[in-house]
Amino acid sequence: MIRIVPLALALAVLPTGVASATSYGGELQGFDYPHPRQAHAFESQGQALSMAYMDVRPAGAGNGRTAVLLHGKNFCGPTWETTIAVLVEAGWRVIAPDQIGFCGSTKLRGYQFSFAQLAANTQGLLEALGVERAVLIGHSMGGMLATRYALQYPDAVEQLVLVNPIGLEDWQAAGVPYASIDAMVEGERKTTFDSIKAYQLKFYYDGRWAPRYDRWVDMLAGMYTGPDRDIVAWNQAQTSEMVFTQPVVHEFPELRVPTLLMIGGKDRTAPGANRAPAAVAARLGDYPTLGRRAADAIPDARLVEFPALGHSPQVESPGEFHVALLRGLAPR
C-alpha cells in the first residue's frame, strides 16, 4: 500500500448565492469540450442512439497503449481534461466517452439503464475504434461501470483503475430505503448550481472549495436549466436507481484483471444517505475503510491512498494524483 502526503492546496471558501448563468442543451450543446467531440452512432433496445466521445492521440508513435476514461454520475468526459493531457503527453491514446443518458450523449425516456448495458455500449464503441485491449480508468459511478466491464470483458482489459469509485458498499443492504424513480425525479427537477455545489462541497471536498471547480458545476447545472431539463432530470433519476439497485461490491473477488484503487480519504459520498436513518447514514461513505476492504477483496489489487483528498483527487490535486497514476500504470 502506498500512502501519499498531498501537496498544499490553495482553496477558497465557498461563496454564497452563486447561480449558473449558463444554459446548455440536453446533449451539452454550447459547452466547450477540451478536444473535438465525436459521435458513435448505434442501435440499442430498438432505438437509434449517439454516444459522444473524445479520442485523443499522442504525437508520433506513442507507447502503443490505450486508456479509456469513464466518468462519474455527476461528471462528464470533459472533467477528465487534465488527465487526458497528462496521459497523451506520456504517449497514451485516450478515449473519453459520455455514457448514454449523460452529458453529450442521447437522452431518452424509454431506455432500461443497467451497468451491463452501458458496458456493452462502451465495448461497441471500442470495437468501432479498433481498440482490442485497454486500460479502464473509472471515477465515481464510472468505477462501478469499469468493474462491470472488466467482469463482462476481462480479455479486453489490460488493467482496471478505480478512482474513488462509488459502490464499495451495498447501500440497500446497509439499510438505506429504496426511492422510486418517480420520487427521485422530483428531487432532480429542483437541482440548481447552488445545490450541486453545496453537495459537492460537503461530500467531495471536505468543506473546502477552489474556484476552478465551478466550471464542472456549471457544466451540470446548465443542463438542468436548459431547454431539455425534463429529460435530463428523468435520466438522472433512472441512473440513480441503477446505481442503488445494481451493486458490484459483491463481485469484487471475481475480478481477474490487475486493479489499482486510488482513494481520497476525505470522501464521504454515499448515495441515498440523505433518506437513511441517522444511525445508518453515519456508517456510510467511510472511504479509508472501504478502500482497504476493497483492496483485500479484489485479487491482484494495489491501493494508493490520498489521506487529505476527497472524492475527485484528479480535480482537487492533479499534480500528485497524476504522478501516482503514471506510477501505477507503469508495466510491472
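The values are calculated or read from the model by the stated rules, or taken from the named source; none is laboratory data. Keep in mind it's a predicted model, so treat the numbers as computed, not measured. We place every Cβ from the backbone using ideal geometry, glycine too, and count neighbours over all the protein chains shown.
Examine the range 113-134 for a residue that is in a strand (DSSP E or B) and either touching a strand residue (DSSP E or B) at 6+ places or on another chain (Cβ under 9 Å) or touching a residue at least 60 places away in the same chain (Cβ under 8 Å) (or both), and state whether such a residue exists. First the steps, then the outcome.
Taking the range 113-134 first, the residues in a strand (DSSP E or B) are 134.
Remaining after also requiring either touching a strand residue (DSSP E or B) at 6+ places or on another chain (Cβ under 9 Å) or touching a residue at least 60 places away in the same chain (Cβ under 8 Å) (or both): 134.
Yes: one or more hits.
Condition first: among the small types (Gly, Ala, Ser) and closer than 17 Å to Leu160 by Cβ. Now tell me which residues in the range 277-332 satisfy that. Break it down stepwise before answering.
Looking only at the range 277-332, we keep the residues that are among the small types (Gly, Ala, Ser), and these are 278-279, 281-282, 285, 291, 294-295, 297, 301, 308, 310, 312, 317, 319, 324, 328, 330.
Those that are among the small types (Gly, Ala, Ser) and closer than 17 Å to Leu160 by Cβ: Gly291, Ala294, Ala295, Ala297, Ala301, Ala324, Gly328, Ala330.
Mind listing just one residue for me: the one in the range 82-111 that is more than 17 Å from the chain's Cα centre (by Cα) and of a type in the set (Gly, Ala, Ser) and, of those, surrounded by the fewest Cβ atoms within 10 Å (Cβ to Cβ)?
Going residue by residue through the range 82-111, those that are more than 17 Å from the chain's Cα centre (by Cα) are 85-93, 106-111.
Now restrict to residues that are of a type in the set (Gly, Ala, Ser): 85, 90-91, 110.
Details: Ala85: 16, Ala90: 18, Gly91: 15, Gly110: 7.
Step by step, filter the range 82-111, then rank; the result is Gly110.
For the range 142-244, please list each of the helices (runs of 4 or more DSSP H) lying entirely inside it that holds at least 1 residues being touching a strand residue (DSSP E or B) at 6+ places or on another chain (Cβ under 7 Å), touching a residue at least 40 places away in the same chain (Cβ under 8 Å) and not acidic (Asp, Glu). Talk me through it step by step, then tell me what you get.
Working: elements: 171-174, 181-188, 193-203, 214-225.
Here the list reads 193-203.
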Does Phe42 meet the test of being among the aromatic types (Phe, Trp, Tyr) and touching a His at 6+ places or on another chain (Cβ under 8 Å)? no
Among the numbered criteria (1) surrounded by fewer than 19 Cβ atoms within 10 Å (Cβ to Cβ); (2) at pLDDT below 95; (3) out of contact with any strand residue (DSSP E or B) (no Cβ under 9 Å at 6 or more places or on another chain), which single criterion is violated by Ala270? (1)
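Residue by residue, here is whether (1) touching a residue at least 40 places away in the same chain (Cβ under 8 Å); (2) not in a loop (DSSP other than H, G, I, E, B) holds:
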| site | (1), (2) |
| --- | --- |
| Phe31 | yes, no |
| His35 | yes, no |
| Leu49 | yes, yes |
| Ala52 | yes, yes |
| Ala61 | no, no |
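For every residue, the table says whether it meets (1) among the hydrophobic types (A, V, I, L, M, F, W, C); (2) out of contact with any strand residue (DSSP E or B) (no Cβ under 6 Å at 6 or more places or on another chain); (3) closer than 25 Å to Trp80 by Cα; (4) surrounded by fewer than 20 Cβ atoms within 10 Å (Cβ to Cβ).
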{"residue": "Pro277", "(1), (2), (3), (4)": "no, yes, no, yes"}
{"residue": "Thr289", "(1), (2), (3), (4)": "no, yes, no, yes"}
{"residue": "Pro313", "(1), (2), (3), (4)": "no, no, yes, no"}
{"residue": "Gly319", "(1), (2), (3), (4)": "no, yes, yes, yes"}
